[in-house]
Structures are given as C-alpha cells and as structure tokens.
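The structure appears right after this line, and notes come after that.
The values are calculated or read from the model by the stated rules, or taken from the named source; none is laboratory data. No experiment lies behind these values; they were computed from the predicted model shown. Counting neighbours? That spans all protein chains shown, and the Cβs are built from the backbone with ideal geometry, glycine included. All accessible areas refer to the heavy atoms of the entire protein, side chains included, with ligands and DNA or RNA removed. Shrake-Rupley method; radii C 1.70, N 1.55, O 1.52, S 1.80 Å.
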Amino acid sequence: MADPPATAPDLAPPPTGFGRGYLYDLWYVAALSDELKPGKLKRYELLGEPVLLGRDLQGRAYALRDICPHRAAPLSAGRLVPGEGGGSEVECPYHGWRFRTADGVCAAIPSLVAEQAFDSSRIRVRRFFVDERQGLVWIWMAENPRGAAEPNSVPPTFEGVVGGRPKLVERMVFESHIDHAVVGLMDPAHGPYVHQQWWWRSSTSQHDKAKRFEPRELGFAMARHAPSKNSRAYRILGGAPETEITFRLPGLRWEHVRVGARQVLALTCLTPLDESRTRITQVMWSDHPAFTLLKPVVRAGVRRFLAQDGGVVNLQKEGLKYDPALIWLDDADRQAKWYQALKREWAAHRREGRPFRNPVQATTLKWRS
Ligand code: FES
Ligand SMILES: [Fe+2]
C-alpha cells in the first residue's frame, strides 16, 4: 500500500451515478445549423437514442426518434414529403407510413384500403423539441419519452458569437462516458503532461496558479483574468488578452477572450452518444484579424489538443474498466467535484420539485501547472 498523499485528498465516494446515468430535461447540442439541409434526413445518436434530425420543407429543424413504430426501420433512410396543410412528413422506407415532422403523428398508412377505418393518428413516433440559435441546433432530452410537456428552459446564448459563421468546427468522439470527458476537459493539472508542445508551453515551465471562481447558471466560471504567462498561444492575439472560462451542465465549456474590442469564443460541447462514447464538438468564433490569418494554424492546434485529450481519455478507460475508487484532490480536482455536486443537485431538485440551488461557492483555487 502506498503512503497516503501529504495533502489529504477528499476520499468521499463518487456520487452514485458517476460514470453511469445521463442528465435529462436539459438541452444538448445535436448539430450545427449548416449541417441540416431541407429534405436531407440524418441519423444521430444522443444519450443512447437514435435520432433523425432534419430540416422540414419550410426550413424548420425537427427531430424524431429514428425507429419506425411499425417495424423499426430507421426513418432517416426514408424521405421527406410535403404533408397536409403546408407541413412536412417523413416517409418510412419500408412500408411508406408517413409521420408529421411537427409532432410525430402518423399521417398515412398506404396499405389500408377504403373500408379499413383505422385511425392512423393513434400512432406516433417520439418527437424531440428542437431549438436553433447562434448556428447551433439544440435538442431537449426529456426524461419521460411520452411526456408532451414543452421544455421549461431555453438553450444558453453565448457572448462572443461574432465575425459571422464559425471560424472553426472540429468534432471527435471520445471513447468515454460523458462524466470522464467533462472532468478531463476542466482538469487543470494535465496540461504540462498531455499537451506538451512548443507553441503552448513546455513541461519545465510550471507555475503556481491562483484563479478566482464564481458560481454561474448551472455551473461556474473562472472569472475574467489575464492568461498565464506560460501560455504562449495567446500571444498571437497581441495586446492584453483577458479570458473567462465557463462550465455549464450538461457538458458545455466555453472560453471567451477579449483583446480590446476584439473577441474570440471557443465553445466545447460534449454530447453523450451512449454510455461509453461522447461526441465533442469544438466551435470557434472570432472577429480578431489574427484569427482569420492564422486559421490553419489554429485548426491544427485545436486538432492536436483534441487528439491529445482523446488519447489520454482512451488510455484512462483501460483503468476505469476495473471500476476502481478514484481520488479527488483539492484544489486541482475541485472543479471535477463541483461537476459531481452540480449533477447531484440537478437530480435532487427535480426529484424534490424545487428550484435548483447552485452548490458552487465563490473561491480562489490554487494549483501548479
Ligand atoms: S417499418 Fe416503417 S412503415 Fe413499416
Ligand atoms: Fe486537455
């Protein structure tokens, strides 16, 4: 047995559900607006559900469960057709049953003959509420699949969506449960080991850090500050950049950089595909001239970062499969503990039918990296 670490870690067991369940009744990023073309049917997977995501003939985004209620053919393999009253319908590729994109109700069963008075509207495929803003398509993942209740919140809007369309979009799938992907994303101590590259920082340049954190809606933020001196990548922006990093349930993290009147927003969205795979979507906006100029460099950098994070998360899976106890060490792992506390509170406030109380207290966290 190894000696206990000098700084007493919090050995409290992880909350039940860590590494298991999903958070429901929240908005998840499903796609970018540009990906959805009218008439094109696309299959996605979200929280273990196959989802057909598309754009109807009027240009509105819609989402249906991608399983035909008749005999389970994927509706995404069918086609979009004009429906009654100016709506749109998805036609199943197997027997041609048609479902309204607006509410999932079955509008036609072609095999019925005139005297078979079967009311097709008794059948419906699950539809998901969709919202589209700032070029992102959000999907409301309700706990109760039969619930017809409207979402009780709207997706977040972000400061710093500037300069027109995103300057960069990168996607990757981590072979990991969303919880470990989130914790990996907010972990401040892995940088010098996982992200060693000359343009970022060298492993020998570690500094004591002290950063101010504040509670924010469904999460917390590292308050606006000048980036660390050993972060070379900020130098391309010139001037005196100030950055703020925010985390929000279920798996959103964004860094908003201001340099004078110019801005950069780097948004990272984690969406579970299933319990062991998580899609990471990285989107960046900016009106900073250096950003346009150095786009290929930034893209290469982001890819490298994601590949490094993905690589270490995949490696970690080799250990996690034995379900070991984990150590959450203050202050470097405090954000990971907040994430777990936020998740617990999310479940508790819904169970108890009361407002959400953010468990995060404003504080300064210190670590070396
Ligand atoms: S399986 Fe879809 S119509 Fe039969
Ligand atoms: Fe990382």
Across (1) of a type in the set (Ser, Thr, Tyr); (2) farther than 23 Å from ALA221 by Cα; (3) open to solvent by 80 Å² or more (accessible area, probe 1.4 Å), SER176 clears everything bar (3)
Note on GLU143: of the conditions (1) assigned to a loop (DSSP other than H, G, I, E, B); (2) farther than 19 Å from GLU45 by Cβ, unmet is (2)
* Among the residues of the stretch 143-153, is any touching a residue at least 60 places away in the same chain (Cβ under 8 Å), open to solvent by less than 40 Å² (accessible area, probe 1.4 Å) and touching a strand residue (DSSP E or B) at 6+ places or on another chain (Cβ under 6 Å)? -> yes
The strands (runs of 3 or more DSSP E) lying wholly within the stretch 23-76 that contain at least 3 residues that are in contact with a Pro (Cβ under 7 Å, 6 or more places away or on another chain) are 26-32
By residue number, the members of the stretch 43-72 that are more than 12 Å from ligand 1 (Cβ to nearest atom), open to solvent by less than 60 Å² (accessible area, probe 1.4 Å) and of a type in the set (Asp, Glu) are GLU49, ASP56
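Filter the stretch 314-323 down to the residues that are without any contact (Cβ under 8 Å) to a residue 12 or more places away in the chain and open to solvent by less than 60 Å² (accessible area, probe 1.4 Å) and list them by number.
Selection gives GLY319 alone.
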Restricting attention to the stretch 282-300, the residues that are open to solvent by less than 10 Å² (accessible area, probe 1.4 Å) and not aromatic (Phe, Trp, Tyr) number exactly 2
Residue hits (the stretch 210-224; surrounded by 15 or more Cβ atoms within 10 Å (Cβ to Cβ) and either at pLDDT below 90 or not in a strand (DSSP E or B) (or both)) are LEU218
Of ALA332, ALA348, ALA362, ALA336, the only residue that is modelled with pLDDT of 90 or more and open to solvent by 50 Å² or more (accessible area, probe 1.4 Å) is ALA362
